[in-house]
1. Which value, in debye to the nearest 20, gives the size of the charge dipole of the chain about its Cα centre, when Lys and Arg are +1 and Asp and Glu are -1 at the Cβ?
2. Using 7 Å Cα-to-Cβ label points, what is the ASP182/GLN146 separation (nm, one decimal)?
3. If you take the beta carbon distance between ALA153 and ARG128 as r and set R0 to 22 Å, what does 1/(1 + (r/R0)^6) give as a FRET efficiency, to the nearest 0.05?
4. Antiparallel DSSP bridges in the chain: what percent, to the nearest 5?
5. At 7 Å along Cα-to-Cβ for each site, give me the label-to-label distance between ALA85 and PHE68 in nm.
6. Could you derive backbone 3J(HN,Hα) for segment 29-44 from the dihedral phi with the Karplus parameters 6.51, -1.76 and 1.60 (θ = phi - 60°), listing whole Hz in sequence and x where the residue is Gly or Pro?
7. Would you compute, from DSSP H runs of 4+ residues alone, the mean residue ellipticity of the chain at 222 nm, taking -39500 (n - 2.57) per run and dividing by the full residue count, rounded to the nearest 500?
8. If I compute volume of the Cα convex hull per residue in Å³ from the structure I just sent, which labelled value in (i) 115; (ii) 138; (iii) 163 lines up?
Amino acid sequence: MDFDAVILAGGRSSRLGGAPKSALLFDGATLLERSLAAAAEARHTVVVGPEAAGLPGGVLTSREDPPFAGPAAAIAAGLDALRGAGPADLVLVLACDMPRVGDAVRALLDALPGTGADGVMAASADGRLQPLAGFYSTAALERAVQAAAARNALVHGSVFALLASLDVQAVVVPAGSTDDVDTWDDAAALGVAVREQ
């Protein structure tokens, strides 16, 4: 399956006291490294967020404008960075705060063939949707970004609102694969830790 990837790594982490989620550790790797591994089959990958050290060669970087403008603006910045690379028909959008997201990505990839939709989005067994773990038609997502920009709705805009015009199918992914780290309680429950200095 031919796809690019946009990994969102630019939030304030305010409920973590400003500790960058991307640098938190799970099972010996940072959450950003785990997201990059989940997107390893992408033709081109862009990480949207502050300058990150030690990125693999060939990984693009970008920053939402203004910084901390939210995930919709970050998706727009990621698409913009991919445009010069000759984008694939599909783009994987991933937040970098889900330590087990690789399992979700595999389930989404398995569900993609023959959907006929504009994309697939992860859902938990109880129906909770996670739009920041999904594959989307690059062209449809570009159109949605352009429409949101025309309405001044990208900065601090809702990702669900950004995706509202797309025909996206929910795909139930393995339990726990989209559990994310928003608080230190989340981190403790998921076995996520801070790298020791």
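The values are calculated or read from the model by the stated rules, or taken from the named source; none is laboratory data. Please read all numbers here as calculations on a predicted model, not as lab measurements. Here Cβ is always computed from backbone atoms with ideal geometry, including for glycine, and neighbour counts include all displayed protein chains. Side chains included, ligands, DNA and RNA excluded: accessible areas come from the protein's heavy atoms. Shrake-Rupley method; radii C 1.70, N 1.55, O 1.52, S 1.80 Å.
1. The calculated dipole for the chain is roughly 320 debye.
2. Calculated label separation equals 3.4 nm.
3. Computed FRET efficiency for ALA153 and ARG128 comes out at 0.40.
4. Taking every DSSP beta bridge with both residues in the chain, the antiparallel ones total about 40 percent.
5. Between ALA85 and PHE68, the simple spin-label model gives 2.8 nm.
6. So the Karplus estimates, Gly and Pro as x, are 10, 6, 5, 5, 4, 5, 5, 4, 5, 5, 9, 4, 7, 5, 5, 10 Hz.
7. Only helices count here, giving -8500 deg cm²/dmol.
8. Among (i) 115; (ii) 138; (iii) 163, the one derived from this structure is (i).
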